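*Asks:* Could you have a look at this structure, given as structure tokens, before my questions?
The values are calculated or read from the model by the stated rules, or taken from the named source; none is laboratory data. The structure displayed is predicted, hence computed values, not measured ones. In this analysis, Cβ positions are derived from the backbone assuming ideal geometry, glycine residues included, and neighbour counts consider all displayed protein chains.
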Amino acid sequence: MSVSLLLFVILALPFIGALIASGLPRHARTSAAILSWVIALVSLICLAALWPRFQDGETLRHEIEWLPSLGINLVVRLDGLSWLFSCLILGIGALVVLYARYYMSPKDPVPRFFSFLLAFMGAMQGVVLAGNIIQLVVFWELTSLFSFLLIGYWHQNPSAREGSRMALTVTATGGLALLVSMILIGNIVGSYDLDVVLASRDLIQASPMYTPALVLLLLGAFTKSAQFPFHFWLPRAMAAPTPVSAYLHSATMVKAGVFLLIRFWPVFAGTDIWYLLVGGAGLATLLIGAWCAIFQHDLKGLLAYSTISHLGLIVLLVGFGTPLALIAAIFHTVNHATFKASLFMAAGIIDHEAGTRDMRKLSGLFKFMPFTATLAMVAAAAMAGVPLLNGFLSKEMFLAEAVANSNANALSTALPFLATLASAFSVLYSLRFIHNTFFGPPPTELDRVPHEPPAWMRRPVEILVGLCLLVGVLPAITVGPFLRSAAVSVLGFELPYYSLALWHGFNLPLFLSLTALAGGVLLYVIFGKRINNNPRGAPWGWQKLNGGWMFERAMTGLAKGAAMLVRVFGTERLQPQLRGIVLVALLAGAVAGVSAGIGVLPMVAAPDLADLAFAGIWLVGAGCAVAAAWQAKYHRLAAVVLMGGAGLASCISFVWLSAPDLALTQLLVEVVTTVLLLLGLRWLPKRLETIPVPAGLERRSRLRRRVDLIIAGAVGLSLAVVAYAIMTRPAVEGISRFFVEHAYKDAGGRNIVNVILVDFRAFDTFGEITVLGIVGLTIFALLRRFRPASDSLPEPSQKRVQNKSDRDRDNRTEGDTLKETMLIPRVVMRWMFPFILLLAAHLFLRGHDLPGGGFAAGIAVAIAFVLQYMASGARWVEERLTIRPIVWIGLGLLISVASGVGAWVFGQPFLTTWFQYADLPILGRVPLASAVVFDLGVVVLVVGATVLMLVALAHQSLRKSRPQDEEGAQ
């Protein structure tokens, strides 16, 4: 198997598995777990197959062109650092999947859980394998999205909803800052390619944009890795299922920020601002997290704050800016992932088998769960830095670097003491975790008798604890080659000397490490009882360092500010909103015109007969528009028809000006819009003349109409001036010549407009149809629960009475008027259905060479369905035409994406068109273009979105909700 294929298997396989798992039945817990485990294992095997390539420091990469003109391509890049992080993601991910199979309840929708987990695994793989910095940001934000879904998995739990929203708000905001930073870096370097950026250290640090780019990058890293003052979201994320906590907060989510800092260390490190910001945040996080962890009574709460503290330790090492400190940071990242994942799993086992995580209720569990207790004690000892375990080695390296960097300033001088204090706190909370949970009298406040979990639920913990022991005893053999490979990918081959030996003699780092161990034990002996009996957490107001209070205040302030803006500028009526939009556009145009210095408009020769005919068309259109505005007060149906007349004038104008494609599209859109407006008339309230109106309200209404008339006149006159100025000035050579020359040669189409839409600017069209699909879904979601007011629909008993008196005629609704004007027999509309479909097929097939195309064909098909709804009603149509618009929307997007991805098979950028002549039977030699497949996706999506809107509108005519209302739109 080629290297390129292996790279893309590693990246894409988790996402494929997530899609498959999402389609499994709710009760298929074992099947979903097996699928997830196999995908993680296969990806890990592919990664292991690539390991021999990294022993010499090689970097593997494969690039697929995406937007080459913007320097944004899909690049999969694997070096020693990303290989190591990818191993953590996949290896611990496989163990978490096995653990989750026994942890998750069969009552939960477990396949959905594994789908989210695999999608998150794929997003993390995308972050570490990204070879383009914009691509890195995309996957970075995906990790925030999927972690939101995982943390809020138990959405019925208010704390889970709060924790997931907080995590998404904080990390996604940091992601936006990271995006701006990457754009700045790309502008400085002139490329978004990661290899180019990493080779541009001098250029970046010499740029005046260095500091803004650095600060924004650190905001992204600090929010993701829970650094002070953004650390508050991580403890609240403990409301997630324990497998999520074990995965996100040991090897993946919080390590993404660490990976980012290490990845960009060669570019940004070595400056005073780097040392101050990164080192200062790391030191503050180290101390605050350790202090708060001491006073937690919840097992997962203790582990959450200890995670914050250890992340601070890693960030502090990165902030030192020295090569040895960076190697120590990478080493402790690996060690922390192993012992913290095993501790979270052990805490989940205790909760699963004892029914609580509260250490005040837990004691003496060693007698009931000796194997689990032993595993948890070894992992906690590794977290405390006990010798012969992996945590001791990396903490000793940390203390050595703290000593080595203690001579820069007053704060640096205190580093060894502060590092020793934080290590003592680590011993204290680790000892409290062990003593309170596993020793002491048997528990008396539990609602069940604790017992050992199933053997396979304990296997992941055993494997991770075994790794803690192996690395602690044989570090050079077990982790040494991988650590060297990762260090070489960041620092180059000239690595500083470092040793992974167990014994370095009696030196100051060893003395500080032993002092921390003894100090932690002594602190627990002196203050342990007081800490256990403290009900409020950290004393002396230190708990206020929790940034959750600041976050809540900020969110409350934003909510109040938004409410104030709504009160000042908001309105429930659409007309004032439209008035504001039009006024802002008019003002912007006026400012631009004045600043550009509009001169005198040129005069043209006397108009000929053709010009007068064209003016006559627009006089008719203008008359229809004015009459529609006038009739809107008295007869809404007539107003809608007159608006269609104005639209028809626009269609004729496009034909007149040699734009048949625009004319055809405009005509079809006018038909659909007019009919949808007719369907919506039935819910409008009664006309004003049928309701007594106070004199003051009538005066305000008259004034409003006059103001609207003035605004409409000003906007119309402005557009007329702009149009006149453009059409009477000499033509300037633009980009049209390029499309004329290349449309047929490069894309095989003579209809230049369609070629632009499905080839040259196909990516824009793909975005537009995606928006159209979202609009259709949004309209359906808004209207599916809406029912018209009782006074806007006629009662069945009133239908015959309405024609008996003038008084009843005045009280008729627009819906009754619409029904009376539906004079076309239903049978005619039904017979028109196949002919309209034939017209749509004709428009689609000719669109690449003649006026037509996918959008026009889709609108034509939608018109066919609209007519059936009007003629026969929603019930009749849905009983005979089983169209599912939501499925059509998804299918249209998939077809469009598939046509774009197909270009990658031939080594071309996304959505590149293939064009070739082919000799077909009967037809002879005909041109074939892959853009037709993309156009087919446009057809399918347009039909789905339009019919979905129609379904939402048509169902509102029913007085009561029926079960098939929602079924018809699925």
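*Asks:* Select from the stretch 147-177 the residues that are in a helix (DSSP H, G or I), free of Cβ contacts under 8 Å to residues at least 40 places away in the same chain and over 21 Å from Leu217 (Cα atoms) and list them in ascending order. Don't jump to the end; show me each part of the working.
*Replies:* At the first step, the residues of the stretch 147-177 found to be in a helix (DSSP H, G or I) are 147-151, 158-177.
Pick out the ones that are also free of Cβ contacts under 8 Å to residues at least 40 places away in the same chain and you get 148-149, 158, 161, 165, 168, 172, 176.
Selection gives Phe148, Leu149, Pro158, Arg161, Arg165.
*Asks:* Of all residues in the stretch 224-247, which are assigned to a helix (DSSP H, G or I) and either in the same structural domain as Val334 (by TED's automatic domain parsing) or modelled with pLDDT of 90 or more (or both)? Give the derivation first.
*Replies:* Let us first name the residues in the stretch 224-247 that are assigned to a helix (DSSP H, G or I), namely 224, 233-239, 242-247.
Result: Lys224, Thr242, Pro243, Val244, Ser245, Ala246, Tyr247.
*Asks:* Sort through Glu452, Glu462 and tell me the only one that's over 25 Å from Leu88 (Cβ atoms) and among the acidic types (Asp, Glu).
*Replies:* After ruling out the rest, the residue left standing is Glu452.
*Asks:* Please verify whether Ala841 is of a type outside the set (Asp, Glu), assigned to a helix (DSSP H, G or I), over 22 Å from Thr674 (Cα atoms) and modelled with pLDDT of 85 or more, treating the condition exactly as stated.
*Replies:* On the way: of a type outside the set (Asp, Glu): yes; assigned to a helix (DSSP H, G or I): yes; over 22 Å from Thr674 (Cα atoms): yes; modelled with pLDDT of 85 or more: yes.
Against the criterion (of a type outside the set (Asp, Glu), assigned to a helix (DSSP H, G or I), over 22 Å from Thr674 (Cα atoms) and modelled with pLDDT of 85 or more), Ala841 qualifies.
*Asks:* Here's something else I'd like to know. Given the conditions (1) buried (at least 22 other Cβ atoms within 10 Å of the Cβ); (2) at pLDDT 90 or above; (3) in a loop (DSSP other than H, G, I, E, B); (4) not aromatic (Phe, Trp, Tyr), which single one is not true for Pro208?
*Replies:* Every condition holds for Pro208 apart from (1).
*Asks:* Within the stretch 471-501, work out how many residues are of a type in the set (A, V, I, L, M, F, W, C), farther than 18 Å from Phe398 by Cβ and free of Cβ contacts under 8 Å to residues at least 60 places away in the same chain.
*Replies:* Within the stretch 471-501, residues that are of a type in the set (A, V, I, L, M, F, W, C), farther than 18 Å from Phe398 by Cβ and free of Cβ contacts under 8 Å to residues at least 60 places away in the same chain number 3.
*Asks:* Further question on the same structure: Please tell me if Leu500 is touching a Pro at 6+ places or on another chain (Cβ under 7 Å) and assigned to a loop (DSSP other than H, G, I, E, B). Step through it out loud before you land on a result.
*Replies:* Working: touching a Pro at 6+ places or on another chain (Cβ under 7 Å): yes; assigned to a loop (DSSP other than H, G, I, E, B): yes.
For Leu500, the condition - touching a Pro at 6+ places or on another chain (Cβ under 7 Å) and assigned to a loop (DSSP other than H, G, I, E, B) - is met.
*Asks:* While we're on this one: For Ser181, all conditions in the list (1) surrounded by fewer than 22 Cβ atoms within 10 Å (Cβ to Cβ); (2) part of a helix (DSSP H, G or I); (3) free of Cβ contacts under 8 Å to residues at least 40 places away in the same chain hold save one; what is the number of the exception?
*Replies:* Tallying (1) surrounded by fewer than 22 Cβ atoms within 10 Å (Cβ to Cβ); (2) part of a helix (DSSP H, G or I); (3) free of Cβ contacts under 8 Å to residues at least 40 places away in the same chain, Ser181 fails exactly one: (1).
*Asks:* Test Leu388 against the criterion of being outside any helix (DSSP H, G or I), out of contact with any strand residue (DSSP E or B) (no Cβ under 6 Å at 6 or more places or on another chain) and crowded, with 20+ Cβ neighbours inside 10 Å, and give yes or no. Write out each step before concluding.
*Replies:* Details: outside any helix (DSSP H, G or I): yes; out of contact with any strand residue (DSSP E or B) (no Cβ under 6 Å at 6 or more places or on another chain): yes; crowded, with 20+ Cβ neighbours inside 10 Å: no.
Taking the combined requirement at face value, the residue does not satisfy it.
*Asks:* Within the group Phe8, Phe15, which residue is surrounded by fewer than 20 Cβ atoms within 10 Å (Cβ to Cβ), in contact with a His (Cβ under 9 Å, 6 or more places away or on another chain) and outside the structural domain of Ala455 (by TED's automatic domain parsing)?
*Replies:* Phe8
*Asks:* What number of residues in the stretch 85-94 are aliphatic (A, V, I, L, M) and buried (at least 24 other Cβ atoms within 10 Å of the Cβ)?
*Replies:* So the first thing to find is which residues in the stretch 85-94 are aliphatic (A, V, I, L, M), and the list is 88-90, 92, 94.
Filter once more, so that each one left must be buried (at least 24 other Cβ atoms within 10 Å of the Cβ): 89-90, 92.
So the count comes out to 3.
*Asks:* Looking at this structure, is Ser499 touching a Leu at 6+ places or on another chain (Cβ under 8 Å), among the hydroxyl-bearing types (Ser, Thr, Tyr) and closer than 30 Å to Ser406 by Cα? Step through it out loud before you land on a result.
*Replies:* On the way: touching a Leu at 6+ places or on another chain (Cβ under 8 Å): no; among the hydroxyl-bearing types (Ser, Thr, Tyr): yes; closer than 30 Å to Ser406 by Cα: yes.
No.
*Asks:* Let me ask another. Collect the residues in the stretch 444-474 that are more than 27 Å from Gly391 (Cα to Cα) and surrounded by fewer than 19 Cβ atoms within 10 Å (Cβ to Cβ), keeping them in residue-number order. First the steps, then the outcome.
*Replies:* Taking the stretch 444-474 first, the residues more than 27 Å from Gly391 (Cα to Cα) are 444-451, 454.
Correct list: Thr444, Glu445, Leu446, Asp447, Arg448, Val449, His451, Pro454.
*Asks:* Hey, another quick one. Kindly list the number of the only condition in (1) touching a Phe, Trp or Tyr at 6+ places or on another chain (Cβ under 9 Å); (2) under 30 Å from Asp447 (Cβ atoms); (3) of a type in the set (A, V, I, L, M, F, W, C) that fails for Ala381.
*Replies:* Status for Ala381: all satisfied but (2).
*Asks:* If I filter the stretch 48-80 down to residues being crowded, with 23+ Cβ neighbours inside 10 Å and more than 22 Å from Phe15 (Cβ to Cβ), which single residue comes out as modelled with the lowest pLDDT?
*Replies:* It comes out as Phe54.
A quick yes/no check of all residues on (1) farther than 23 Å from Gly937 by Cβ; (2) surrounded by 17 or more Cβ atoms within 10 Å (Cβ to Cβ); (3) of a type outside the set (Ser, Thr, Tyr); (4) modelled with pLDDT under 75:
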position	(1), (2), (3), (4)
Leu679	yes, yes, yes, yes
Pro692	yes, no, yes, yes
Leu719	yes, no, yes, no
Arg729	yes, no, yes, yes
Ala743	no, yes, yes, no
Arg750	no, no, yes, no
Leu757	no, yes, yes, no
Glu768	no, no, yes, no
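*Asks:* Can you find, within the stretch 280-325, the residue that is surrounded by the fewest Cβ atoms within 10 Å (Cβ to Cβ) among those that are within 33 Å of the chain's Cα centre (by Cα) and of a type in the set (Ser, Thr, Tyr)?
*Replies:* Among them, the one singled out is Ser309.
*Asks:* Among the residues of the stretch 42-78, count how many are more than 30 Å from Val897 (Cα to Cα) and acidic (Asp, Glu).
*Replies:* Final tally of qualifying residues: 2.
*Asks:* Could you give me the residue pairs with C-beta distances under 8 Å whose first residue belongs to the stretch 119-130 and is without any contact (Cβ under 8 Å) to a residue 60 or more places away in the chain, whose second residue is part of a helix (DSSP H, G or I) and of a type outside the set (Phe, Trp, Tyr) wherever it lies, and which are 6+ apart or on separate chains?
*Replies:* Within 8 Å, the pairs are Ala123/Leu142; Ala123/Thr143; Ala123/Leu145.
*Asks:* When Arg77 is evaluated against the numbered criteria (1) within 27 Å of the chain's Cα centre (by Cα); (2) assigned to a helix (DSSP H, G or I); (3) closer than 26 Å to Thr338 by Cα, which criterion, by number, is the only one it fails?
*Replies:* (2) is the only condition that Arg77 fails.
*Asks:* Return the total of residues in the stretch 340-385 being touching a Gly at 6+ places or on another chain (Cβ under 7 Å) and either outside any helix (DSSP H, G or I) or farther than 25 Å from Ala516 by Cα (or both).
*Replies:* 3
*Asks:* Let me ask something additional. For the stretch 128-151, indicate whether the set of residues that are among the acidic types (Asp, Glu) and under 28 Å from Thr372 (Cα atoms) is non-empty. Full working, then the answer.
*Replies:* Just the residues of the stretch 128-151 that are among the acidic types (Asp, Glu), to begin with: 141.
Filter once more, so that each one left must be under 28 Å from Thr372 (Cα atoms): none.
Scanning the stretch 128-151 turns up no residue that is among the acidic types (Asp, Glu) and under 28 Å from Thr372 (Cα atoms).
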